[in-house]
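Remarks on the structure that follows.
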Amino acid sequence: MTRPLAETALEALEDGPPAATAGPGGIVEPVVADVWTEHAIGCVLILHRRDDGLVAEELFHSVRGPGGWAGCDHLSGGLLGFDPRDVASREAVLAGRGLAVVTESESLVHTGRSAEDEGDELLRFVELLVAAEADVLDVENLTEPSRGHRPVPSDLALLVLFPGDRLRVRAARSTPAGNVPVGEAVELSQPPRPSDAATVGGWW
């Protein structure tokens, strides 16, 4: 019996993403591509090969409480449109860039951060294909000025934007002297909630 993907997602949140398992022909079983956590919200991107041989992606999320992560819920999924393990497919999508947005979606998720709208917020989920020579993402938050680095555990990286977020993201290669940029930066944004829009000066 095939193990439910929701269980794989929950395990990834609890223990971190496992090593990808794939043979020379590409993905042969469900693979955790990336794990993202912030504000007690966790999201997991899983890749798997369908019975027709095409690669599909599934996105799960969970909320962390005092007892740990709750069971994962499925947010979205579908055909990826290319095989990230195939060099020719990757190069066609990247077209010489360091990063390429491959899927985007929005979902109303209960974050519990605000009493407004019963604690639900419209989050934006972005999946990025990362150039093979990059092993880290430089992420700059333009809304609340800050900068951080995220390791790239696989060919695909997941970013989640909360209302009002504006991010500048660039692929990079880590070296002893610091991160070396790979390609141009990509800017991503998610509009603020209507109730916040009037108070967020210069957001756009």
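Within the full protein context, the accessible area of residue 133 is estimated at about 100 Å² for a probe radius of 1.4 Å. By the compact-protein rule of thumb, 2.2 N^0.38 Å, the alpha-carbon radius of gyration of region 78-180 corresponds to a ratio of 1.22. Distance from the C-alpha centroid of region 147-181 to that of region 79-137: 12 Å, rounded to the whole angstrom. The Rg/Rh ratio of the chain, with both radii computed over alpha carbons and Rh defined as the Kirkwood radius, is 0.97. Descending by average beta-carbon neighbour count within 10 Å, the peptides 76-87, 52-63 line up as 52-63, 76-87, the highest first. Listed values for region 77-86 are Karplus-derived 3J(HN,Hα) couplings in whole Hz (6.51 cos²θ - 1.76 cosθ + 1.60, θ = phi - 60°), namely x, x, 5, 6, x, 7, 9, x, 8, 8, and x replaces Gly and Pro.
The values are calculated or read from the model by the stated rules, or taken from the named source; none is laboratory data. All values reported here derive from a predicted model rather than from experimental measurement. Positions of Cβ are backbone-derived with ideal geometry, glycine not excepted, and every protein chain shown enters the neighbour counts. With ligands, DNA and RNA removed, areas are computed over all heavy atoms of the protein, side chains included. Shrake-Rupley method; radii C 1.70, N 1.55, O 1.52, S 1.80 Å.
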